[in-house]
Amino acid sequence: MERISFTIDGRICASDKGLNLIEAAKQNGIFIPTLCHFKHQNPIGSCRICTVKLNGKAIAGCTLNVQEGMNIEVNTPILLDTRKAILEMMFVEGNHFCPSCEKSGDCQMQNLGYETGIRSARFPHLFVERFIDAKAKRIVINKNRCIKCKRCFEEVTTNDGYKVFSFINKGNKTIVSVDYEQEEKLTESQAQYAMKICPTGAILVKGKSLSKPFGDRIFDQGIPGKTIPFLKTNKNNNSTQKKLVATTSLAGCFGCHMSMLDIDLGLLDLIELVEFNKSPFTDIKKFTKRCDIGIIEGGCSNTHNFEVLRAFRENCDILVSVGECAIWGGLPALRNTISLEECLNEAYKNSLSSEQDETIIPNHEEIPKIFNKVYANHEIVKIDYHIPGCPPNSNHIWNVVKNILFEEEYAIPYPEFKYD
Amino acid sequence: MNRTNLLNELWEYQNKHGYISKRAITQIAKSLKVSILDIEGVISFYHFFHQKPTGKFIIYLNNSIISEFKGFQYIKAAFEKETGCTFNEYDENPLFSLFETSCIGLSDQEPAALINFYPFTNLTVKKVKTIIKQLKEDEKLATISSSFISKIQYTPSEEKTMLFRNYIEGNSLKKIRKYSASEILENISKSGLTGRGGAFFSTAQKWKYCKESKSDKKIIICNADEGEPGTFKDKALLNNYPGLIIEGMIISAYVTGAKEGFIYLRAEYKYLLKKLEKTLEKFVDKGFLGDHICGIPNFNFYIKIQLGAGAYICGEEKALIESLEGKRGEPRLQKYFPTQNGYLGYSTIVNNVETFAKASRVIELGTTYISKIGTQKSKGTKLLSISGDVAKPGIYEIEWGTTIRELLKLCEALSPYYIQISGPSGECINSTEFDRKICEEDIACGGSIMIFNRSRDILQIQKNFMNFFKIESCGVCTPCRAGNQILYEKIKKIERGLSTEKDLEEIKQWANIIKLSSRCGLGKTSPNSLVMAIDKFKDYFNLKTSPITENQYVEFDMENAIQEYDDVINNL
């Protein structure tokens, strides 16, 4: 095989002629992320994460075969941001509830989210209603999570050559479906292979998911020493006085607050540095002083949440959304694809514990009005920083807070940055 | 059965039963030895195929922006009222089924609909009432349908007209006998002919690639899938000069050595099918098609017509080829030109209807004739379809280099304000740009010109366009599938008065990402018009957005957020 040389971001690289760029870059120690590419396969070019520039022109890296003298850009600021943006598009287009996903921790898309340091998506979440198809014998397709990479189309066929997966519809309604008849023909290992190659949790095998405990999953630890890029949001305040902190839980479960308490003895150090004002920790109901930082757990689900959030914005210099619910709605946003009327009927009228015609949907002028959907906090007020996780790691929370308040240098280790 | 015949097979079921049943799908899948899902995937890609029973009359009402401005809403309501059916739903009415559809190539006669693919134009509420009554009384569609013919409003003086002039069948074919394939190619090259579908790729270059290809077979495809909203010029050519187009295809076959040709006709123009078939037959009879064409030994060429089934993206040549192969119309990767790897892997030429017609005229009239018309770079004439707020919508054959101002005068535009050139994926211009010229040096135009006056809402235009892209994206790549949907949400946000200047900035940034990373031309161009409109109609967008303030609240639509709750409680 003829050897050729080309450049990636100005660095001279060498590989066999005609090799796929993703592979060629890997051989030269440069990682180009992708979610649809498969080594031995004809390039699909569907996810577009691997977008690079060849002689100044954008192209999907996985569709490129290296030739002598090629000048390729991979990690320029524009391309890095494009990659991150495409991932964010995937997060908002589907309904990716990492905390409730069987594949969480083993999910390649989630891992790329960590690696690119996505804290919150720049795009609005679309909350399109998609269903879960469990009709097939072994395979469950959760269409909420599919990113339409087409890997399963090409990779999973029956022994007699029939396609098992395919697209249905087009445009924004495009979804992946499974052929029930062909699916039955798959062997156990073929079905598990389908689950394995799915870069998200869209393809599951009944009874075979959730096999590994937290901490042991593929992407729990990351490469030792790997850190997540840090975003700077420092408060320019050099006074040595104790800093004032306020916290609240909106449409959340208080899990993030529990996590905040999880630093154990660290709390004693912390209490030397900060003083809590309005917070469930102090049970102070109304702001008594202006605070340096406000920590918000949970999203905005009703008029009360809305008022509290706006009060926090008014009374705090810096606002931090903590946890998935605060960042984009999280688990309460599971209701966002369902009409409010259905939700209320299910909760108050048709639930197992409600007696026929005995229960009503609670309503009184004193009771806050429930919003049509759960809103992310940044849709209501400006949020200065997002800390993902369900709940976020306690070190992550306090180190970010200390960084913001005292400009303490801090790196976020990979295992502390999670969406679940 | 052959996979390449799949679309025809599906059409047969669709036409016969009004839908393609599970049983039919199973049968087809069996005979093709593919999974059922594979066939369902194809069916669901094309919106003229149905998997649920439809009524005896399927009504497709165009929802393009021109239609919207000419009363789409009222016509839609009228159809629903008269038939008792709901749009875009399968409500098991034995007589009627109603669907919205993207532009059907009748923009000069909107609102327009297709009923079992018969055109009904210039619809009014009263007209709808009559039509439905007539259909219920079982009157023949052929007798009550409207004319689909678009008026030829303008052609240049005779010595400057290329297309709409006297045509005698076989005139250009007569000439090829005298020349070798290379000489013909030389002529095409000299004429400077470029792709008239809107990409403006050199025709001679494309033909040369195919000619030089070592492919076993070569294929010529005429792209008659004119789907860009506001375009109907190919329809006029297909109707007036089908022979001219076919001659163009024959000439390209002569140059490249192709033996097989296809006309991929969009289903919206099904009413042209008979005419095209007849012309093909006539050509065979006259010895212009078949074996030893025009007496040239071993010059054999056959043309088949393939009917599309409703998918805008199939106008993209690589998607068209996929569709022709009986698959979902997902554009192939940009990696190869069709001349390298086209239909079934063979070297393939895909040219627009107008390109073939022009090629034919180049041979007939000679390159000197053409070199005298047009500008330095754009030689000859261009066919335009003009619609919108003008007194004379229709077909215009103009000399390249005509200014927008001249054009506006010709079509008697009524206080023009916003002009969309080359359809939603093209560009928009404002009144300061009326002296710009239509030519490759300035504004190259694929054929669609939509003119809007001051009373039209720019946001409504953009919303319609983005909705179109959202629906018509093939759905394969993330930036186009999700990105257009995200931009659509952004437009809705501006519409609700919740946006600041920051949103406009974001639209521009996000548009860049979509354009940079999309897989094919659809996503690479879909945000163009919106971004241009923001730059060119600043005053309008300033009114629609609030400036960024120091206030750290984000605009929030409280009324909308609690509406549902109030409704539920009030109805208790």
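The values are calculated or read from the model by the stated rules, or taken from the named source; none is laboratory data. Computed from a prediction, not measured in an experiment: that's the story for all the values here. Because the Cβ atoms are built from the backbone with ideal geometry, glycine has one as well, and the counts that use them run over all protein chains shown.
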**Q.** the stretch A:1-52: number of residues that are over 14 Å from A:GLY69 (Cα atoms) and not hydrophobic (A, V, I, L, M, F, W, C)
**A.** 18
Q) Since B:LYS544 meets every condition but one in (1) among the basic types (Lys, Arg); (2) out of contact with any Ser or Thr (no Cβ under 8 Å at 6 or more places or on another chain); (3) away from chain A (no Cβ under 11 Å), which condition does it not meet? A) (2)
Q.
Between A:LYS208, A:LYS212, A:LYS196, which is away from chain B (no Cβ under 13 Å) and either among the β-branched types (Val, Ile, Thr) or in contact with a helix residue (DSSP H, G or I) (Cβ under 8 Å, 6 or more places away or on another chain) (or both)?
A. A:LYS208
Q. Any idea how many residues of the stretch A:283-292 are surrounded by fewer than 24 Cβ atoms within 10 Å (Cβ to Cβ) and in a strand (DSSP E or B)?
A. 2
Q) In the stretch B:281-301, what residues are in contact with a Lys or Arg (Cβ under 7 Å, 6 or more places away or on another chain) and either within 30 Å of B:GLN334 (Cβ to Cβ) or without any contact (Cβ under 8 Å) to a residue 12 or more places away in the chain (or both)? A) B:PHE301
Q. B:PHE200 passes all but one of (1) assigned to a loop (DSSP other than H, G, I, E, B); (2) over 24 Å from B:GLY374 (Cβ atoms); which number fails?
A. (2)
Q: Quick one: in the stretch A:130-144, of everything that is among the charged types (D, E, K, R), assigned to a loop (DSSP other than H, G, I, E, B) and within 14 Å of chain B (Cβ to nearest Cβ), which residue is surrounded by the fewest Cβ atoms within 10 Å (Cβ to Cβ)?
A: A:LYS135
Q.
Quick check on this structure: which one of B:GLY483, B:GLY423 is within 22 Å of the chain's Cα centre (by Cα) and under 30 Å from B:THR355 (Cβ atoms)?
A. B:GLY423
Q) Is it fair to say B:GLY345 is surrounded by 18 or more Cβ atoms within 10 Å (Cβ to Cβ) and either over 30 Å from B:ILE39 (Cα atoms) or outside the structural domain of B:ALA533 (by TED's automatic domain parsing) (or both)? A) no
Q. Taking the stretch A:47-101 as the search range and keeping residues that are of a type in the set (Ser, Thr, Tyr) and surrounded by fewer than 24 Cβ atoms within 10 Å (Cβ to Cβ), which one is farthest from the other protein chains (Cβ to nearest Cβ)?
A. A:SER100
Q) Taking A:LEU340, is it crowded, with 21+ Cβ neighbours inside 10 Å, within 10 Å of chain B (Cβ to nearest Cβ) and in contact with a strand residue (DSSP E or B) (Cβ under 8 Å, 6 or more places away or on another chain)? A) no
Q: Would you please list the contacts, defined by Cβ atoms under 6 Å and residues six or more apart or on different chains, that run from a residue in the stretch B:60-84 that is over 15 Å from B:LYS129 (Cα atoms) and modelled with pLDDT of 95 or more to a residue that is of a type in the set (Gly, Ala, Ser) and part of a helix (DSSP H, G or I)?
A: B:ILE66/B:SER107
Q.
Can you list residue pairs whose Cβ atoms sit under 6 Å apart, with the first residue in the stretch A:163-181 being more than 7 Å from chain B (Cβ to nearest Cβ) and the second being assigned to a strand (DSSP E or B) and of a type in the set (D, E, K, R)? Count only pairs 6 or more apart in sequence or on different chains.
A. none
Q) Hey, any hits in the stretch B:129-137 for a residue that's at pLDDT below 95, among the charged types (D, E, K, R), touching a Ser or Thr at 6+ places or on another chain (Cβ under 6 Å) and not assigned by TED's automatic domain parsing to the domain that holds B:GLY423? A) no
Q.
So, B:SER146, is that one buried (at least 16 other Cβ atoms within 10 Å of the Cβ) and free of Cβ contacts under 8 Å to residues at least 60 places away in the same chain or not?
A. yes
Q) Quick one: how many residues across the stretch B:210-226 are under 15 Å from B:GLY345 (Cβ atoms) and more than 24 Å from the chain's Cα centre (by Cα)? A) 7
(Q) Pull out all pairs, ordered by first then second residue, where Cβ-Cβ is under 7 Å, the residues are six or more apart or on different chains, the first lies in the stretch B:464-482 and is facing chain A (nearest Cβ under 7 Å) and in contact (Cβ under 8 Å) with a residue 24 or more places away in the chain, and the second is buried (at least 24 other Cβ atoms within 10 Å of the Cβ) and among the acidic types (Asp, Glu). (A) B:CYS474/B:GLU330; B:VAL476/B:GLU330
Q.
Give me the residue from the stretch B:447-463 that is assigned to a helix (DSSP H, G or I) and among the polar types (S, T, N, Q) and, out of that set, nearest to B:SER385 (Cα to Cα).
A. B:GLN462
(Q) With the structure loaded, tell me whether B:PHE356 is in the same structural domain as B:LYS211 (by TED's automatic domain parsing) and either modelled with pLDDT of 95 or more or outside any loop (DSSP other than H, G, I, E, B) (or both) or whether it fails that test. (A) yes
Q) Can A:ALA85 be described as out of contact with any strand residue (DSSP E or B) (no Cβ under 8 Å at 6 or more places or on another chain), closer than 17 Å to B:ASN512 by Cα and touching a residue at least 12 places away in the same chain (Cβ under 8 Å)? A) yes
Q.
Filter the stretch B:317-349 down to the residues that are away from chain A (no Cβ under 14 Å), charged (D, E, K, R) and touching a Pro at 6+ places or on another chain (Cβ under 9 Å) and list them by number.
A. B:GLU317
Q. Which of (1) outside any helix (DSSP H, G or I); (2) away from chain B (no Cβ under 14 Å); (3) surrounded by 19 or more Cβ atoms within 10 Å (Cβ to Cβ); (4) not β-branched (Val, Ile, Thr) does A:GLY117 not meet, given it meets every other one?
A. (3)
Q) Of the residues that make up the stretch B:28-45, is at least one surrounded by 20 or more Cβ atoms within 10 Å (Cβ to Cβ), acidic (Asp, Glu), in contact (Cβ under 8 Å) with a residue 12 or more places away in the chain and in contact with a strand residue (DSSP E or B) (Cβ under 8 Å, 6 or more places away or on another chain)? A) yes
(Q) I'd like to check which helices (runs of 4 or more DSSP H) are fully inside the stretch A:306-420 and have at least 1 residues that are under 30 Å from A:ILE228 (Cα atoms) and of a type in the set (Gly, Ala, Ser). (A) A:324-328, A:394-406
Q: Of the numbered conditions (1) more than 10 Å from chain A (Cβ to nearest Cβ); (2) free of Cβ contacts under 8 Å to residues at least 40 places away in the same chain; (3) not acidic (Asp, Glu), B:ASN512 fails exactly one; give the number of that condition.
A: (1)
